Every structure is written in C-alpha cells, then in structure tokens.
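Down below is the structure, laid out as structure tokens.
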Amino acid sequence: MNKYWIVFKKSLKSETIYRAATLSGVAGSLLGFFMQVFLWKALLGAGVRQDTSFSDMLLYVIINSFMLELTRTNVAAIIENSMIDGTISMELLRPMSYKTYLLTSALGKNTYGTLTRTIPALIISAFFVKGVSIPDLYSFLLFVVSAFLGILLMFEVTYLAGLLAFWLQRCWFIEFYLMGFERIFGGTMIPIWFYPEFLKKMSFFLPFRYMTFEPINFFLGKTPAREAWLPVLMALFWLVVLNVLDRCMWQMAVKRLTVNGG
C-alpha cells in the first residue's frame, strides 16, 4: 500500500504546479456556482417546485459540486493516449496493478480539485443557506459510504471505456456519451426529483444515479432510513458487474497487446 500512497501524494503535488490553472479553476467553479444559485432562485421563486425550498436546492448544488470533483476522472483519455504513443508497454512494467495505479492517481488529482474548487464555493454559500438542518450521524455515514461507492463506480465506467482503446485506438467519443448519460440519469444537472416517472424508473436500473445523486439524497435525508439499503445494494451490484467486465476485458486486452507487440 505504501507505493500507492506515494502515487497519491505525487499526483496531488503535481496539481499544485499549475497555479494559473488552479486560479482559473476556482474562478470557473465560483462562476458556475453563482449561475446555478440565481437560476434555481428564479425557478423556485416562480413556483416550479413547491416542496423544494431554495435552501434545499442550494445545498444540493453544493454537495453535487463536491461529488463531481470527487468522481471526476480522465482515465479513458489516459489509456487512449498511452495506446497511441506506445507508453502503455512501459506502464505495464510498473511493479503495481495498472488499474489501482490509475485509481490512486485520479484520487490524488480529485482531492486537490475538491480542496481548491469546492471549498471556496462552500464558504460563500454560507451567506445564502438559511434554515437547512445538519444531517444526523446515520445520514452522514450513509453519505460517506455511498460517496465512496460512487467514486468507484465512476472510475469503473470510465476505465471500461478506456480499455476499448485496445481495439478502437480512439475512445473519447464513448466517454463523451457516458458523460451525457451521467448528466441525464445521474442527476448532475437537474435533480431526479424533478424527472417524470418513466425517467426515474429508468435511472434506478442504471449505475449513473448511484455515483452522485444517491449520496446527495442521503446527505439531505431524502431517502428514508428503511429504504437506505436498496441504493447501497444497487451500487454494490453495479460495482461487481463492472469489475467482472473490466477483468474480462483486461485479460483480452493484454493478450491482444502481447500478440500485436510480439
């Protein structure tokens, strides 16, 4: 585990080098935050949803930003580039699991992004949020567990997309479609509360809502305690399915790489 901890720290430290990018990221994050604040204030003020207060929606925007930073990953692009320039052969010589290396590196970058882009919005939001109750310990623990599963789910999905580069060479368009599905069925743009019933039912059977939406639901206490086991169980189910798929694809990909490379 020590070698992966080193990878995590180096990945985190590498993000601090690009200070201009960090500042622009903070500015972009705050701009996006204020745009959503004023948009939802106008929509809820117009009576779009009577059972959702502006403070609840603002809290959703904050936690959603937090989850998006934690689950952000460009694993597919990394695998694609390493296939194109041939560095994949050197990556596989590392004395560690390639998949775990990618996951650890992504966690380091996401941790830095969370600290620099989410925390400022969280501080500013304190001036807007009023009358929001703090989640109880049980809801908070469910949020932590669900958020951890969401991070792994997002990684698994993008990792699978990246493995297709062993056959397609280019896989950016697949990741593009996956991100579209995440926005629609993961509730990252509009909460699934506002969806029509048929979209709600569709999202339940797909892995995307368990990446960010369900953790937020736990944090806000919108998932009843007696029903909490179902989203967690579904997230675990999809993790197992995706893990089995990526193991099968990885075995085929390595064989293909060995044959092509001699």
Original post:
Taking the Cα centre of the chain as the origin and placing charges on Cβ (Lys, Arg +1; Asp, Glu -1), which of 43, 102, 7 is farthest toward the positive end of the dipole?
Top reply: 7
**OP:** List, in order, the whole-Hz ³J(HN,Hα) value for each residue of region 207-212 obtained from phi through the Karplus relation with A = 6.51, B = -1.76, C = 1.60 and θ = phi - 60°; use x for Gly and Pro.
**Re:** x, 5, 5, 8, 7, 10
**OP:** Report, to two decimal places, the Cα Rg of region 2-261 normalised by 2.2 N^0.38 Å (N = number of residues).
**Re:** 1.07
Subject >> Phi to ³J(HN,Hα) by Karplus 6.51 cos²θ - 1.76 cosθ + 1.60 over region 139-145, Hz, x for Gly, Pro >> reply: 5, 5, 5, 5, 4, 4, 5
Subject >> Lys pairs under 22 Å by Cα in region 2-261, provided they are eight or more residues apart or on distinct chains >> reply: 16
Original post:
Which order results if 206, 58 are arranged by neighbouring Cβ count within 10 Å, fewest first?
Top reply: 206, 58
Original post:
If each of residue 226 and residue 23 carries a label point 7 Å out from its Cα toward its Cβ, how far apart are those two points in nm?
Top reply: 5.6 nm
Subject >> J(HN,Hα) series, region 75-86, from Karplus relation 6.51 cos²θ - 1.76 cosθ + 1.60, nearest Hz, glycine and proline x >> reply: 4, 4, 5, 5, 5, 4, 5, 5, 6, 5, 8, x
Original post:
Quick one: if the Förster radius is 25 Å, what FRET efficiency do residue 43 and residue 200 give, using the C-beta to C-beta distance and rounding to 0.05?
Top reply: 0.85
Original post:
Using a simple charge model, +1 on the beta-carbon of Lys and Arg, -1 on the beta-carbon of Asp and Glu, nothing else, what dipole does region 88-226 show about its Cα centre, in debye to the nearest 20?
Top reply: 140 debye
**OP:** Give the calculated FRET efficiency between residue 167 and residue 92 to the nearest 0.05, with a Förster radius of 25 Å applied to their Cβ-Cβ distance.
**Re:** 0.90
Original post:
How far is it, in nm, from the label point at residue 34 to the one at residue 84 when both lie 7 Å from their Cα along the line to the Cβ?
Top reply: 3.6 nm
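Can you give the charge dipole size of the chain about its Cα centre, rounded to the nearest 20 debye, using +1 on the beta carbon of Lys and Arg and -1 on the beta carbon of Asp and Glu?
Details: 23 positive and 15 negative charges, 80 e Å.
Value, rounded to 20: 380 debye.
The numbers here are math on the coordinates, done by the rules we state, and not lab data. Keep in mind that what you see is a predicted model, and the values were worked out from it rather than measured. Cβ coordinates were reconstructed from backbone atoms using ideal geometry, including for glycine residues, and neighbour counts include every protein chain displayed.
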